[in-house]
Amino acid sequence: MNLRSALFPLAIATLLVPGCKKDNTPTVPYTAVDIYINVNLPEYNALAAVGGWAYITGGSEGLIVYRKAVDAFTAMDRHCPVQPQDLCKVTVNDDGILAVDTTCCHCTFLLQDGTLVSNPDNAAGAGNPLLLYHTTFNGTTLHIYN
């Protein structure tokens, strides 16, 4: 056996081992989402104007849908991503600008895009935004999906 043939398996093993490393950071569990809503229906009246929002059933802990422009929406999971193992939900605050976890880590997120704004308890996993879903809008029907 020559040196080249002896080193080849070692080189292959070295390349494959880093691919086996697992990220143990807890995340919001995957939940299939494929929702269609007619934003002109009375139950979605809050979505009629830019800056409006509504809670929608779906996702891991429910969804928040936010109208960020006449033809653009953000849909995000209410499951707080900072300590996802605690199964806490964010709720929209009184000014309708932030989503707040009031029971676990007390983090706040922007409704416009789910970005983490504050982490007062310095909880692990900080920096994780709210889980966003894809949206398409045809002028009447909003499709939310992953």
Report, by residue number, each residue of the range 61-89 that is part of a loop (DSSP other than H, G, I, E, B), surrounded by 12 or more Cβ atoms within 10 Å (Cβ to Cβ) and either of a type in the set (Asp, Glu) or at pLDDT 95 or above (or both). Glu61, Gly62, Arg78
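Listed here are the residues, each with its yes/no results for (1) modelled with pLDDT of 90 or more; (2) touching a His at 6+ places or on another chain (Cβ under 6 Å); (3) under 25 Å from Ala69 (Cβ atoms); (4) not in a loop (DSSP other than H, G, I, E, B).
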site	(1), (2), (3), (4)
His106	no, no, no, no
Phe109	yes, no, yes, yes
Gln112	yes, no, yes, no
Ala124	no, no, no, no
Pro129	yes, no, yes, no
Please enumerate the residues belonging to the range 90-101 that are surrounded by fewer than 14 Cβ atoms within 10 Å (Cβ to Cβ) and either closer than 16 Å to Asn122 by Cα or acidic (Asp, Glu) (or both). Asp94, Asp95
Under 8 Å by Cβ, and 6 or more places apart or on different chains, what pairs join a residue from the range 134-146 that is within 27 Å of Pro29 (Cα to Cα) with one that is among the basic types (Lys, Arg) and part of a strand (DSSP E or B)? none
Would you please list the contacts, defined by Cβ atoms under 8 Å and residues six or more apart or on different chains, that run from a residue in the range 97-114 that is farther than 17 Å from Leu47 by Cβ to a residue that is among the aromatic types (Phe, Trp, Tyr)? Leu98/Phe109; Val100/Phe109
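The values are calculated or read from the model by the stated rules, or taken from the named source; none is laboratory data. Worth saying up front: this structure is predicted, and the values here are computed from it rather than measured. All Cβ positions, even for glycine, are placed from backbone atoms using ideal geometry, and neighbour counts span all protein chains on display.
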